[in-house]
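What follows is a short report on a single structure.
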Amino acid sequence: MSDELDHEPLLETDRLLELTAVVMRMLDDWGVDPKDQPALLGLPVGTRARVLERFRRGTPFPQDRATLQRISHLLTIERAVRTAFPHNPAMARYWVTTPNLLLSNQTPLQVMLAGGMEGMEQVVAYLNCTESW
């Protein structure tokens with residue numbers, strides 16, 4: 001029984017396709033270099049540009065918990081920045097790529113790339129004002 005549950009899809013394919021398109025657009029909007037995008041998505045080192053292009057053209061992200069957790073963190077960051085700057089959508093790119101004193105003068109993008117999942121969690125915690133709790 002548990003083997004069957006381990007192979008159950010975590011999301012419906014249509015929903016995963018939608019999230020894939022949103023996240024790829026968001027990474028482009030943030031100005032994330034395509035060579036850094038696989039690291040943010042938790043894809044294998046050396047993932048080529050053609051794989052990223054397939055995601056842009058309708059192939060869904062891998063259906064695994066780690067990838068879905070990363071997607072969740074990225075969407076949480078986007079939502080928080082858009083909430084903080086509701087009248088200026090360009091601020092998301094600026095915020096993600098600007099050094100921040102409370103992140104050891106690193107950009108949020110640098111923190112996420114260097115720290116992987118933990119870096120994403122650090123940025124989410126900062127945005128949720130839970131960093132020092």
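Touching a strand residue (DSSP E or B) at 6+ places or on another chain (Cβ under 8 Å), modelled with pLDDT of 95 or more and buried (at least 18 other Cβ atoms within 10 Å of the Cβ): is that true of residue 99 in this structure?
No.
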Worksheet, complete the sentence: Within the stretch 63-96, residues among the acidic types (Asp, Glu) and either in contact with a strand residue (DSSP E or B) (Cβ under 9 Å, 6 or more places away or on another chain) or within 13 Å of residue 29 (Cβ to Cβ) (or both) come out as 78
Discussion item. Give all pairs with beta carbons closer than 9 Å in which a residue from the stretch 14-32 that is among the small types (Gly, Ala, Ser) meets a residue that is crowded, with 16+ Cβ neighbours inside 10 Å and assigned to a helix (DSSP H, G or I); count only pairs at least 6 apart in sequence or on separate chains.
Written reply: 21/55; 31/93; 31/96; 31/109
Worksheet item: Which members of the stretch 19-54 meet the condition of being under 10 Å from the mean Cα position of the chain (by Cα) and outside any helix (DSSP H, G or I)?
Response: 42
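From the list 83, 47, which residue is loosely packed, with under 14 Cβ neighbours inside 10 Å, among the hydroxyl-bearing types (Ser, Thr, Tyr) and at pLDDT below 95?
On the way: 47 fails: loosely packed, with under 14 Cβ neighbours inside 10 Å.
On inspection, the qualifying residue turns out to be 83.
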Worksheet, complete the sentence: Within the stretch 90-125, restricting to residues that are assigned to a loop (DSSP other than H, G, I, E, B) and free of Cβ contacts under 8 Å to residues at least 60 places away in the same chain, the one that is farthest from residue 33 (Cα to Cα) is 104
Worksheet item: If a residue has to be over 21 Å from residue 42 (Cα atoms) and β-branched (Val, Ile, Thr) to count, how many in the stretch 84-126 make the cut?
Response: 1
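The values are calculated or read from the model by the stated rules, or taken from the named source; none is laboratory data. As the structure is a computational prediction, the values presented were derived from the model and not from experiment. We place every Cβ from the backbone using ideal geometry, glycine too, and count neighbours over all the protein chains shown.
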